[in-house]
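Inspection log for the structure reproduced underneath, given as structure tokens.
The values are calculated or read from the model by the stated rules, or taken from the named source; none is laboratory data. Note that the structure is a prediction, hence the values are computed from the model and not measured. Because the Cβ atoms are built from the backbone with ideal geometry, glycine has one as well, and the counts that use them run over all protein chains shown.
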Amino acid sequence: MKIIWVIVSCNTTNEAKKIGQELLKQRLVACFEIIPRLGAWFFWPPKKNKIESAKGCLLVLFTLPKYFAKIEKVVKKLHSDETPFVGSIELKHINAKYVKWLKGELK
């Protein structure tokens, strides 16, 4: 059974909490964590040589791959950025009891 983390870069902890709670209510994720960022650096506006920075946080969502597209749709609807970062990482070697719990919490 594959389990993934879906990672979303959020501008505020309130934004991350709002997105995470909506995904929990819809049972698209079994749980979420919010991790503060010390900073992120990037070129903005696009194709310019100006480096900008932001703080914010990472929203980490625990789910199954089959829910990724639905999660991405909810994130795009609730996120303050026009093009938010949404990506996933496949997790390996997860204990069977945790997998059973996670599956039981999803749709």
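Tabulated data
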| read-out | value |
| --- | --- |
| Top-ranked residue in region 79-90 [being more than 12 Å from the chain's Cα centre (by Cα) and touching a residue at least 24 places away in the same chain (Cβ under 8 Å); ranked as farthest from Leu58 (Cα to Cα)] | Glu90 |
| Single residue of Gly104, Gly87, Gly56 found to be at positive phi and out of contact with any Asp or Glu (no Cβ under 7 Å at 6 or more places or on another chain) | Gly56 |
| Pairs where the first residue, in region 14-36, is free of Cβ contacts under 8 Å to residues at least 12 places away in the same chain and the second is outside any helix (DSSP H, G or I) and not hydroxyl-bearing (Ser, Thr, Tyr), C-beta under 8 Å, 6+ apart | Leu24/Cys31; Leu24/Phe32 |
| Strands (runs of 3 or more DSSP E) lying entirely in region 1-106 (those with 1 or more residues that are exposed (fewer than 12 other Cβ atoms within 10 Å of the Cβ) and not β-branched (Val, Ile, Thr)) | 31-36, 40-43, 51-54, 86-91 |
| Candidate set: region 2-22, residues that are modelled with pLDDT of 95 or more and more than 17 Å from Asp81 (Cβ to Cβ); chosen: the one nearest to the chain's Cα centre (by Cα) | Trp5 |
